[in-house]
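Readers should treat all values here as calculations from the given coordinates under stated rules, not as data from a laboratory. Only a predicted model underlies this, so the values are computations on that prediction, with no experimental measurement involved. Counting neighbours? That spans all protein chains shown, and the Cβs are built from the backbone with ideal geometry, glycine included.
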Amino acid sequence: MKTTLYRNYAELQNVLPVNADTNVTNISQNEGIPAATISRQCSSDNVSTEMTIERPTEAPMEPEVQDISHRIIDVNHFVTELIKFSEHKSLATLKFECEHYVGLQSEFTYVCSLCGYKNKIKSSLADVNKAAVAGVMAAGCGQVQLNQFLSEVGLPNMSDFTYNKMHNDICDDWEKTAWDEKGWR
């Protein structure tokens with residue numbers, strides 16, 4: 001069904017049939033979102049015509065991404081990367097495609113809807129996984145406490161593999177620092 005946005009009364013009058021007692025026509029724009037509903041009531045002798053135009057108060061909006069949960073994002077870095085992408089075309093052509101995350105570090109993939117150009121933006125340049133594990137280790141806690149905290153604030157849990165890798169890297173760094181402080185290396 002083809003819908004058209006009519007801008008004046010003459011165009012509207014041509015659209016509505018004159019042989020029915022009551023006619024309702026939806027005129028829409030922007031991919032099917034109704035701009036107006038037009039009702040026309042005709043008397044039996046077709047002498048008097050009453051026309052009512054009703055406009056919806058709010059267009060229905062559906063989010064493009066649902067149930068994505070919370071993320072830790074370096075806003076300055078993220079906005080800078082979006083601005084760089086907008087130099088390609090416009091931010092209006094930017095569509096979210098997917099997210100890949102490892103622990104607390106996310107990588108968002110955006111696609112230009114005009115040409116298909118893909119751009120990946122990391123949530124942060126810093127290693128937030130390593131920082132989180134170092135923080136819980138310094139507090140005397142472990143993976144269970146970290147994941148319990150992350151669950152409470154709505155962040156994704158860290159897998160055993162990611163936690164253990166970060167834990168081992170931090171232990172190596174601390175050991176190296178201890179040897180350097182003693183001057184034994």
What ranking of LEU104, LEU82, LEU91 emerges when the number of other C-beta atoms within 10 Å of each C-beta is taken as an exposure proxy, fewest first?
-> LEU91, LEU82, LEU104
Using +1 on the beta carbon of Lys and Arg, -1 on that of Asp and Glu, and nothing else charged, what's the dipole of the stretch 128-182 about the Cα centre, debye to 20?
-> 80
Fewest-first sequence of GLU181, GLU97 by Cβ atoms within 10 Å of each Cβ | GLU181, GLU97
From fewest to most C-beta neighbours within 10 Å, the residues VAL75, VAL133 line up as VAL75, VAL133
Under the 7 Å Cα-to-Cβ spin-label approximation, THR109 and TRP174 lie apart by a distance in nanometres of 3.7
